[in-house]
Amino acid sequence: MLEEKNDNLHDADGKSGIEINDAATNDAIEISDPETLVENSTSETQNNDDTTENAHQEALDVITNSNAAESEDETLKERHDIPMQDYNTFSLDALVDELKKLVNTDKVMSVKDHIEEIKKAFLLQYHHLLEEKKEEFLASNTDPNEEFEYHLPLKSKFDEYYNVFRDKRNVHFKHLQTNLKTNLETRLAIVEELKELINPQENIKDTLKHFNELRERWKNAGAIPKDKYNHVWNNYHFHVENFYDYLHLDREARDLDFKHNLELKQKIIARVEELVNDTDVNKSFRELQDLHRIWKEDIGPVSKEHRDEIWNQFSELTKKIHDKREVLFENQRANEQQNLEIKKEIISKIEVLGTEKVNSHSQWLVQIQKVEELRNEFFAAGKVPSEVNEETWAAFKTAVRNFNAFKNSFYKDIKKDQNDNLNKKLALVAKAKELQESTDFQATTPVMKQIQEEWKQIGHVPKKYSDKIWKEFKDACNHYFDKLKEHKSEENSEEVAAFDNKKAYLEVLRAFQLTGDHKTDLDGIKAHIETWKGFGKVPFSRRHIEGKFNKILDALFEKLSLSKKESEMMRFANRIDSLSDSNDTRKLDNEKIFIMRKIEEVQNEIFQLENNIQFFTNTKNAKKENSIVTEVRKNIAIHKESLEVWKDKLKQLRNLGQE
């Protein structure tokens, strides 16, 4: 079996010093690993430890591997036209929008890497959010049998778009695999035909014609699996070189072909020299990939005298662009290191917030807002070196988790208070529902107002009950006060009628004439009072009519020549009856307090006057003071008469309360 040395692109220019016999040309060429370098079994393995050569080879390997992948699926080339953004800095909404846009592209494989990066960034944030929601649930849940559930509508959208991409990718893969297999068989068959060309018995012109046909078929054969790429291409070039070097073809035709290939490769080198000075390193590198592909796949070998020289030029220029690309990567790594420092600082700030004790809900809202802002800054900070990515993410999650645990401990402490508040409010709800159908408006209205005030004084309840119990309480209160309003509306119509009747009756009362008989006239006035009371209450805004009625009564009482006490008590009785009929207990209580204070004031005045008399009667000139004493005694008598009136009023009020 013949083994070959896989020198990647260098093989496209041929190898010197290789001898084969007729038997060897018919053997299959096998390479177990396309990256493995082997040579003719009769020769020894060549070990090259030269650092420069290794550096050149590294640059070539990067391009070769990339070209192998893009050769398998040409749509991969278009991925360079779509900028690979730092999706870790995107919000969940922005990630879904970007995914939707990329999924709609026709070239599914050109966006594959972008979509996978979006998926990683989305799931990273989503799982972090899920952990936070679960911690909040565990901290606030009182039912051990209730399982945690959380639905993010955005996750459903993401899954929908990603499934569309996955289906399109699977269809593409299935179609691609079928074509790759067919194309591989076609190319292997062409290689086998190349082997058969080395036959001295055939006419050289016919052989050359057949050779050109094989080269054309090879160009149009299509993509093959990337793991077969180097193996198949190297075999093809191996036998192409054998055809040139070991079969005695037409020297002139061969030299013309060599010359043409040399000119094409020199043009490629000239273009690469321009790319070395281009400032857009990524663009230069992508074009360099294309030039390597053309060098290897489209251009044939050159003469032996130029092979090493032109290959070394191409290799050296390739390394320069590769080195510039490495510098660019180093700068990116420096940025990643800077991002790492930013994220470490953010983590430190969250750790500090996880130890700052605050004692109110409003203060915790401020702390939560600070952590949310730091969380957004963390995601916006950009990539960190891949070797510390997991470690940094774990530290961030731990800091946030510790903060949440610290926060939850505070809310666990106030949870008992909220449950107590819930029980208090539930009791008020029950009381409001119990009273909502009451028709005893005078007794119920103050109670309903009181429980509304109590509701306001009670603190927060657990959020999941808040809206429900508030609606029940509000509905019960509204139901009662709607009934009260309806009742008052009915009362108002009655009061307006009472006012109209009393207004008309004032004219009757003004026309009333005393007969001169004391008893008859007094009974007539009392009858008018009873008729007036029978009309009922008037609207509050029109109660001035009661003053007009009392003014007419006062004039009648004066004409009757009643004693001051009798007149005062009759007026008072009329006033008290009016308050009693209106069921205004507050005013009755205030009247009682007023009378008790007047009694106390009059008693103190009498006591003071009696002390004054005692002073004047004990002086040496008592005879000269008799006129003053007489005046004081008159005042005492007047106050005692007033005291009796006030006491009778108080007695009448108390008797009213016992009825």
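Brief remarks follow.
- Chain lengthening between Glu373 and Ala94 when straightened (0.36 nm per residue, less Cα-Cα): 98.7 nm
- Solvent exposure of the stretch 151-279 as accessible area per residue, Å², 1.4 Å probe: 58 Å²
- Here the label points at Val388 and Glu345, each 7 Å from Cα along the C-beta direction, are separated by 1.4 nm in the simple model.
- With a cut-off of 18 Å on the backbone N, the residues of the stretch 299-314 near the modelled label site 7 Å out from Asn212 along Cα-Cβ are 299-301.
- Potential extension, Leu426-Gln177 segment - 0.36 nm per residue separation minus Cα distance: 82.7 nm
- Per-residue Karplus couplings for the stretch 130-138, computed as 6.51 cos²θ - 1.76 cosθ + 1.60 with θ equal to phi - 60°, are listed in order as 5, 4, 5, 5, 5, 5, 4, 5, 5 Hz, Gly and Pro entered as x.
- Ligands, DNA and RNA excluded, the heavy atoms of His231 present near 30 Å² of accessible surface to a 1.4 Å solvent probe.
- Estimated at the nearest 10 Å², the accessible area of Tyr465 is 90 Å² with a 1.4 Å probe.
- Here Leu484 and Arg571 are evaluated by their C-beta separation; at R0 = 30 Å the FRET efficiency comes out at 0.30.
- Simple label model, 7 Å out from Cα along Cβ direction - Asp255 to Arg543, nm: 13.4 nm
- For the stretch 429-566, the square roots a ≥ b ≥ c of the C-alpha gyration tensor eigenvalues yield an a/c of 1.5 or more together with a/b exceeding b/c, which makes the shape prolate.
- The gain in end-to-end length when the Lys449 to Glu196 segment is fully stretched comes to 80.2 nm, 0.36 nm per residue minus the alpha carbon separation.
- Based on C-alpha pairs under 8 angstrom that are at least 6 apart in sequence, the stretch 269-356 has a relative contact order of 40 percent.
- Estimated from the Cβ-Cβ distance and a Förster radius of 22 angstrom, the FRET efficiency linking Lys519 and Asn655 is about 0.35.
- Distance between the pseudo-spin-label points of Ile628 and Tyr150 (7 Å out from Cα toward the beta carbon): 9.5 nm.
- Evaluating 6.51 cos²θ - 1.76 cosθ + 1.60 at θ = phi - 60° for every residue in the stretch 389-404, the Karplus couplings come out as 4, 5, 4, 5, 4, 5, 5, 5, 4, 5, 4, 5, 5, 5, 4, 4 Hz, glycine and proline recorded as x.
The values are calculated or read from the model by the stated rules, or taken from the named source; none is laboratory data. Only a predicted model underlies this, so the values are computations on that prediction, with no experimental measurement involved. Cβ: placed from backbone, ideal geometry, glycine included. Neighbour counts: every protein chain shown. Remember, those area values only see protein heavy atoms, side chains included, never the ligands or the DNA or RNA. Shrake-Rupley method; radii C 1.70, N 1.55, O 1.52, S 1.80 Å.
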